[in-house]
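Inspection log for the structure reproduced underneath, given as structure tokens.
The values are calculated or read from the model by the stated rules, or taken from the named source; none is laboratory data. Source: prediction; values computed, not measured. Glycine also receives a Cβ, built like all others from the backbone with ideal geometry; neighbour counts cover every protein chain displayed. The protein model used for the area step is the full one, side chains on, heavy atoms only, and it has no ligands, DNA or RNA in it. Shrake-Rupley method; radii C 1.70, N 1.55, O 1.52, S 1.80 Å.
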Amino acid sequence: MTINFMTVRTSLYDWAVANVQSAMPVVYLFPNAPRPTVDYVSLYISSVTQIGWDYVQEPLDNTGISEQVGDREFTLQVQVYGGDPITTIQNLRTSLQKQTVLDSLRANGIVFANWFPINDVTELIDSRYEQRASMDILFRIADVYTDNLGMIETVELEEIYKDPSGNIVYDETFLIPPL
């Protein structure tokens, strides 16, 4: 099954909602989108990377369909705005050590790989400081897809033998049917 990032985003959204303080909204934030009022958590998938070459399996039957599997990594940027952002983001990071959280993500094909440091990115907005914290989290997922390689249905083999003077001494054509 090919990767469906809408499903991935929904799974990560559900994880974040389940592991932040109640009543704190979680949103997918795009750089050009309007901001909600603080306090809130924003999620953003910032990059998707292919790891090595995909594995190509030989067709298992006479349909010519080959299954291919490739590993992908993606970075989820988590930012918390307002309130006590470092505590909130620390709770999210800690939740990734819970077996129930890891099992829930794996059920949707997402595997936690690594987290990076929590950064205090408090910023001056107008005349007041807005408390902020950010952290990147690395996840892995498999991309499974198929390719129709086609099949050779019939092979036509022609054998021609000539003597030293160039005269044909043997000329035979064989048709090899599909198995």
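Computed values, structure above
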| quantity | calculated |
| --- | --- |
| Probe 1.4 Å, protein heavy atoms only - accessible area per residue of region 1-114 in square angstrom | 57 Å² |
| Under-5 Å amide H pairs with ILE110, H placed in peptide plane, nonlocal only | none |
| Within the chain, helix-based [θ] at 222 nm, where runs of 4 or more DSSP H residues each add -39,500 (n - 2.57), nearest 500 | -6000 deg cm²/dmol |
| Normalised per residue, the volume of the convex hull around the Cα set of region 67-162 (Å³) | 205 Å³ |
| Full-extension gain in nm, PHE116 to MET151, via 0.36 nm per residue minus C-alpha separation | 7.8 nm |
| Cα-based Kirkwood hydrodynamic radius, region 1-97, one decimal, Å | 15.9 Å |
| Potential extension, LEU102-SER127 segment - 0.36 nm per residue separation minus Cα distance | 4.9 nm |
| Alpha carbon centroid spacing (whole Å) that separates region 115-131 from region 136-154 | 41 Å |
| Fraction of accessible area attributable to carbon and sulfur, region 42-111 (%, probe 1.4 Å) | 49 percent |
| Estimated distance in nm for a label pair at VAL27 and GLN57, the labels positioned 7 Å out from Cα along Cα-to-Cβ | 4.3 nm |
| Reciprocal of mean inverse Cα separation for the chain (Kirkwood radius, Å) | 20.5 Å |
| Extension reserve of the SER46-ILE160 stretch, reckoned as 0.36 nm per residue once the Cα distance is removed | 34.8 nm |
| From phi via Karplus (6.51, -1.76, 1.60), per-residue ³J(HN,Hα) for region 38-53 in Hz, x at Gly/Pro | 5, 8, 6, 10, 10, 10, 7, 7, 9, 7, 10, 10, 8, 9, x, 8 |
| MET135, MET151, MET6, MET24, reordered so the largest accessible area comes first (probe 1.4 Å) | MET6, MET151, MET24, MET135 |
| Segments 97-107, 10-20, 163-173 sorted - mean Cβ within 10 Å per residue, highest first | 10-20, 97-107, 163-173 |
